[in-house]
């Protein structure tokens, strides 16, 4: 135990003196959190956000009405462009999507003719999908007002054995708009969970994603040192003077757990106090998740440090695995926007269960009992990784 | 020159004998492109998982012979048009619906109140409220259910507004018979309800952006778009492996031995620089061929593709060299370059691609040469040509020249 303590002390000191470890453990996760948090569209529906480029604003009353309706939609931030500029702006991601209003739109609407608008988007953009729904909602409202006006005017005209003239249509429109302003049925959206304000947003995703994604980088320094020590014969020397393998493994594992736990703690505190993420709704559940994540990272770090003989191999495997776990586990983007079947496959990995549990405690009021199941999966991984790591461990 | 090429050849061969390096250069980008391509649908189709939706219909209708509004909404949620997006199950009570969402069995619940039809016909006072109860950790699935509900509710309110407006208009036009006015209102509501389901006056079609110079819209498949990001990202690691050989040789003492030979130091460093460029160029060519074979990626016209390919290799090589030029040991170089590359990948959109789209991102990613290259490759994938990649290529080359000059300065200061 004393020897394990010494190894832990030496590793922590070495980690503390390594500016690169500081970059991977603290600086990069914080940069990732802030950067992605600002990029991912927020969950607050009152938040203005998705830039929509609109072309064809010719000043006709119908176009003006459409533009006003689009600008009144909280989700959209309308920017006027020429039709030639829209494609490039969408392609370069300067806007979430573009809307092309065809020539003669105003005249067609006035005459009651059908008219088709063009929505320009990059197929894989989730922002474009949200923007499209908002645009369709506006168009649907406009269509309904027009239809209701025409139907009312035509039915009355028929009863009068006459045709619907402009005067009758104008009067019908005023009455319809007055009625639509006071609808009989409304849709109210509420979120489950304990907090009414809880919503999935940019920082909810990026803060938790950083914890899960960067934790493997947190073990890079200790694991890399272990590979170097083996290369230089230091592990063998330790073995020769009577330090047992379990003391070395224990010392390395404990250091990795401490480093990654502190890394997570920092991210949790920043997430809570800088971005208002409700991490402390269940401290016990959060503690279990953080400990599980740290132990998993340590077991994985030990495994690749045991398997790979060169620092290059260790770093490469660490980076690739972190990328895979992050991408597959929903650390980069929510799994809900992935294809059918992908979510199920992703839940073979511990990262997906960790992300689910973190979302659970901050958004759904999950407690310790709710995270036991997901953490059970994570601990199966931990045991498997640890057993293989110990089996593969050689001091030389 | 032959000496420089000999050194370059030795370093290149050395790279291809390192399994870890090869894994970073080829296996990682292809595996990630495959996985992420699968995440957003295979081949040309982008698809997302259908959101599990529970619906509880408490509306009994407004009277005999009249269709219940609640049933209309349930039918809309279960319609084939949204069948790929919503998987709808009916439950008995609002409590059961909310419980399904709270327990994670459903993404969203649509709760239809008891007096919905009565509120629409005016036989009950006040408004009716349809509740969308959603999983707070989800956004897309619930928003689809919400959009369907909103659309149906607009139709309800439109029919009601039309009926009420018709009745008032009839009175204003001098019609007085209650039966006749009621008949006009009923017919108007029926017309609106019927036509709302058919042809809308304003419709929306969608398409991909058409790049300047391209004749028509081109739809690149998802995997090829992901592969571009992964290729550019892992080319940086590909460049750093041979670049680190300078430090490896310095540590092992072989660089000092080389300096004692009658070979100018500039030639030795030049040979190493050539190796870095060749390694990443070959890496990019192999990855693009793999993308063409495995993902059926249509990279575009050969001329612009070649230009951008060479430009990408120059940028990756100069970045690989500059990140190594600051480091003192190979281990330090590996860690420093990894940190810088991950940061560049992050700001350039290599990981998120087009999934996350917002205005500021387009500006932010232009601080990085990789961001400019991503822009150029994206334009080619969407059918662009020389005109559309000219600016990204020029800017990226500018970055490459500056970075190369910086790395030469540091290497010369240390070794020359």
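Read-outs: derived from the displayed coordinates by stated rules, not from any lab. These numbers were taken from a predicted model, which means no experiment stands behind them. Note that we place each Cβ from the backbone using ideal geometry, even for glycine, and neighbour counts take in every protein chain shown.
Which of A:222, A:348, A:187 moves the most in a Gaussian network model of chain A with Cα springs under 10 Å?
Taking springs between Cα atoms under 10 Å, the residue moving most is A:187.
Hey, what angle do you get for helix B:222-243 against the long axis of chain B, alpha-carbon based, 0 to 90 degrees rounded to 10?
Tilt of helix B:222-243: around 20 degrees.
Could you list A:87, A:58 so that the one with the fewest beta carbons within 10 Å of its beta carbon is first and the one with the most is last?
A:58, A:87
For chain B, I need the span (max minus min coordinate) of the C-alpha atoms along each principal axis, in Å, sorted largest to smallest.
Result for chain B: principal-axis Cα extents of 113, 47, 35 Å.
As a check on your grasp of the helix formula, calculate [θ] at 222 nm for chain B: sum -39500 (n - 2.57) over DSSP H runs of n ≥ 4, divide by the residue count, round to the nearest 500.
-21000 deg cm²/dmol
Subtracting the Cα-Cα distance from 0.36 nm times the residue separation, let me have the gained length for residue B:216 to residue B:103 in nm, one decimal. List each step's numbers first, then the result.
On the way: separation 113, 0.36 × 113 = 40.68 nm, distance 4.77 nm.
Between residue B:216 and residue B:103, full extension yields an extra 35.9 nm.
For chain A, what does -39500 (n - 2.57) per DSSP helix run (n ≥ 4), summed and divided by total residues, give at 222 nm, in deg cm²/dmol to the nearest 500? Please report the intermediate quantities before stating the final value.
Numbers: 17 runs with 261 residues, N = 396.
Rounded to the nearest 500, the figure is -21500 deg cm²/dmol.
Looking at the P(r) of the stretch B:195-304, how many percent of alpha-carbon pairs lie beyond 24 Å?
Numbers: 3235 of 5995 pairs.
When all Cα pairs of the stretch B:195-304 are counted, 54 percent exceed 24 Å.
Among DSSP beta bridges lying fully in the protein assembly as shown, give the percent that are antiparallel, nearest 5. Please list the in-between numbers first.
Numbers: 7 of 39 bridges.
Given both bridge residues lie in the protein assembly as shown, the antiparallel proportion sits at roughly 20 percent.
If I histogram all Cα-Cα distances within the protein assembly as shown using bins 20 Å wide from 0, what percent of pairs lands in each bin?
15, 41, 29, 12, 3, 0
Given the C-alpha atoms of the stretch A:1-108, compute the convex hull and give its volume per residue in Å³. All intermediate terms of the calculation are to be shown ahead of the outcome.
Working: hull volume 14.8 nm³, N = 108.
Expressed per residue, the convex hull around the Cα atoms of the stretch A:1-108 is 137 Å³.
When DSSP beta bridges are limited to those with both residues in the stretch B:51-197, what percentage is antiparallel, rounded to the nearest 5? Please list the in-between numbers first.
Working: 4 of 14 bridges.
Taking every DSSP beta bridge within the stretch B:51-197, about 30 percent pair in antiparallel fashion.
Relative to the longest principal axis of the C-alpha atoms of chain B, give the angle of the C-alpha long axis of helix B:386-415, reported between 0 and 90° and rounded to the nearest 10°.
Approximately 40 degrees, to the nearest ten.
Per residue, how much space in cubic angstrom lies within the convex hull of the C-alpha atoms of the stretch A:302-396? Please list the in-between numbers first.
Values: hull volume 10.7 nm³, N = 95.
So the per-residue Cα hull volume is 112 Å³.
By count of other Cβ within 10 Å, fewest leading, how are B:248, B:84, B:183 ordered? Display every interim value, and only then the final one.
Numbers: B:248 18, B:84 12, B:183 15.
Least crowded to most crowded, the residues run B:84, B:183, B:248.
Using Cα pairs under 8 angstrom and six or more residues apart, how large is the relative contact order of chain B, in percent?
Values: 610 pairs, mean separation 77.8, N = 416.
Once normalised by length, the contact order is 19 percent.
Say R0 is 41 Å: what FRET efficiency, to the nearest 0.05, do residue B:27 and residue A:84 get from their beta-carbon distance? Before the final figure, lay out the partial values.
Numbers: r = 43 Å, r/R0 = 1.04.
Computed FRET efficiency for residue B:27 and residue A:84: 0.45.
If you take every DSSP beta bridge whose two residues both sit in chain B, what share of them, in percent to the nearest 5, is antiparallel? Present the calculation step by step, with values, prior to reporting the outcome.
Numbers: 4 of 14 bridges.
Bridges in chain B that DSSP calls antiparallel: roughly 30 percent.
Normalising by the residue count of the stretch B:51-197, find the relative contact order in percent from Cα pairs under 8 Å and 6+ residues apart. Walk me through the intermediate numbers first.
Numbers: 227 pairs, mean separation 34.9, N = 147.
Computed value for the stretch B:51-197: 24 percent relative contact order.
What is chain A's relative contact order, in percent, from Cα pairs under 8 angstrom and six or more apart in sequence? Don't skip to the end; give the middle numbers.
Numbers: 542 pairs, mean separation 77.3, N = 396.
Reported as a whole number, the value is 20 percent.
Considering the Cα trace of the stretch A:50-180, what is its radius of gyration and what is Dmax, both in angstroms?
When restricted to the Cα atoms of the stretch A:50-180, Rg and Dmax are 16.8, 57 Å.
Just to be sure I understand: if I project the alpha-carbon convex hull of the stretch A:239-338 onto a plane and average over all orientations, what area do I get in nm²?
Details: hull surface 34.7 nm².
Seen from a random direction, the Cα hull of the stretch A:239-338 projects 8.7 nm² on average.
Of B:122, B:271, B:70, which has the largest mean-square fluctuation in a 10 Å C-alpha GNM of chain B?
B:122
Hey, in the GNM for chain A with a 10 angstrom Cα cutoff, which one of A:72, A:153, A:131 fluctuates hardest?
Most flexible of the set in this elastic network: A:153.
For residue B:254 and residue A:390, what is the calculated FRET efficiency with R₀ set at 45 Å and r taken between the beta-carbons, to the nearest 0.05?
0.75
Let me test this: with uniform point scatterers at the alpha carbons of chain A, what is the Debye-based log₁₀ I(q)/I(0) at q = 0.08, 0.11, 0.15 1/Å?
Scattering profile of chain A, log10 relative to I(0): -0.58, -0.87, -1.26.
Using alpha carbons only, how many degrees (0 to 90, rounded to 10) separate the axis of helix A:220-231 from the longest principal axis of chain A?
30 degrees
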